[in-house]
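What follows is a single structure, written as C-alpha cells, with notes after it.
The values are calculated or read from the model by the stated rules, or taken from the named source; none is laboratory data. All values reported here derive from a predicted model rather than from experimental measurement. Ideal geometry is used to build each Cβ from the backbone, glycine not excepted, and the neighbour counts take in all protein chains shown. We work out accessible area using only protein heavy atoms, side chains counted, and drop any ligands, DNA or RNA first. Shrake-Rupley method; radii C 1.70, N 1.55, O 1.52, S 1.80 Å.
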Amino acid sequence: MLCSQFAHAGFEKRATTPPSNVEAPRAPARPVREAAPRKAKPSPKPVVAVPPAEPVPESVKSVRAAPAPAPEVIRDCRDCPELVIVPAGEVELGSPDSEAGRRSDEGPQIRWQLQKPLAVGRFEITRGQFAAFTRAANYIPALPCGEFDGKEWSYSMTRRWSAPGFHQEDTHPVVCVSNSDITAYLTWLSNKTGRKYRLPSEFEWEYAARASRADVRPGGRAIATSCAYANIADALFECTDNFVATSPAGQFRPNDFGLHDVIGNVSEWVEGCYSDTLYETMHKKQSAGGGNVLGGLFESLAAGVGLCSKVARGGSWQSGPDDARLAARETFDTFAGGNNRTGFRVVREAQ
C-alpha cells in the first residue's frame, strides 16, 4: 500500500520538439576505467572530462561559485555500474521553511559531513545491468509492480522489471524492483567484485545529490532550468524532453559531482526505514554533541527484512515541482513490492 503523499494527477508527458533554449539530450561519451582485481596493484585513475556546469543565476543561493573539477570515474567489472568518487565534505541538508513545496519531514535543516570519500553510482542501475544479474543468478522477482494512473495506484503481477507498462531499453533505469530484489542484486554484485555494495543512506544520497550546493534542485530554483537536468513531468514543468516515461541514462546534464538523474527519471530507493522526524532527531543529536551518529539495531534489522516503510528520493518522470526537489521524500510500504517509477543507485566505499 502506498504511503506517499506526493502523487499528483495530471503529469502526462508531451512529445514535442525541444525549444532552442534547452540543451538537447545527449549521452556521455567518456572513457571509463575498469577497476583492476582487488588484490592487484591499482593503476593510476584517469580523470574523465564532463561538460561544464550551467551558469547559476545570481538569484540562486549557492555555497560554491567556481565550477567543480572533472569527476573520477571507475568500474569494478564489465557488468558493474560506473562509479564517481564523491569527495568528503560538509553541506546543509533538508529544506528551509521558505522553500516552495516543503513538507514537515524535511526539517529542521542540519549541517552534515561526509567524513571520507564515497564511490557513488554515476547513473541509476539500468535495466541491462539488472538483466545481467537475473541471468547470472537465475533470479526471478516475485512481488507485483505498482502503477499510478494520475488518480490511484494499482498493483499487478503482469507488470515487472522487464515489462513495466511502457517501452524501455537496456540503457533505461530499471523499475518495478522491490526491497528483496535490490538486496539480491547488491549481494550478487558484492560477491562478484569482492567489494561491499549497498544503497546510500538518506543523508549520503542528499549529500551526493546536492554536490555542495544549497539549491532546490540541480540548476537552481528556476523551474525552466530544471528541464536541462532532469526527466520530469513535462506538463507541470513546461518541458519538452520527448520522453513519455523513463529516458536512457546520461541524457541530461549531471550535477557538479558528475552524477546524472539525481532529480527525475526514476525515484531512488535509499537505505533504512522512513522516519518523519529524521532531521529533527539528527538536529537534536548534533546539538547534544552527537555528530553524524544515527541509527539503531532495530531500525537496521527492520529495513533489511522489509518490516517498515521505505524511502525514495529525487522524484521521477511523473514528478512535478513539489516532488522533484533535492529535499523531497517519498514513502512506500515495502510489502507492496516495487513500482514503475522507482529504481535505485548504488554506493560502495571508495577504498
Legend entry - Within straight-line cross-link reach of LYS151, aspartates and glutamates at Cα separation under 18 Å, skipping those fewer than 8 residues along the same chain: GLU12, ASP234, ASP322, ASP323, GLU330
Inset, instruction - Please report, as a whole percent, how much of the solvent-accessible surface of the stretch 176-235 comes from carbon and sulfur atoms (probe radius 1.4 Å). - result: 55 percent
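Say R0 is 35 Å: what FRET efficiency, to the nearest 0.05, do THR183 and THR277 get from their beta-carbon distance?
The calculated FRET efficiency here is 0.85.
As a quick test, which of the pairs LYS116/LYS310; LYS196/LYS285; LYS196/LYS310 have an alpha carbon distance above 23 angstrom in this structure? It would help to have the intermediate numbers written out before the result.
Numbers: LYS116/LYS310 26 Å; LYS196/LYS285 28 Å; LYS196/LYS310 21 Å.
Too far apart for the 23 Å limit: LYS116/LYS310; LYS196/LYS285.
Semi-axes of the equivalent ellipsoid of the stretch 161-267: what are they in whole Å, largest first, if each equals the square root of 5 times a C-alpha gyration tensor eigenvalue? Walk me through the numbers on the way to the answer.
Values: eigenvalues 136, 78, 23 Å².
Semi-axes from the Cα gyration tensor: 26, 20, 11 Å.
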Inset, instruction - For the stretch 73-130, divide the Cα radius of gyration by the Kirkwood radius and give the resulting Rg/Rh value with two decimals. - result: 1.15
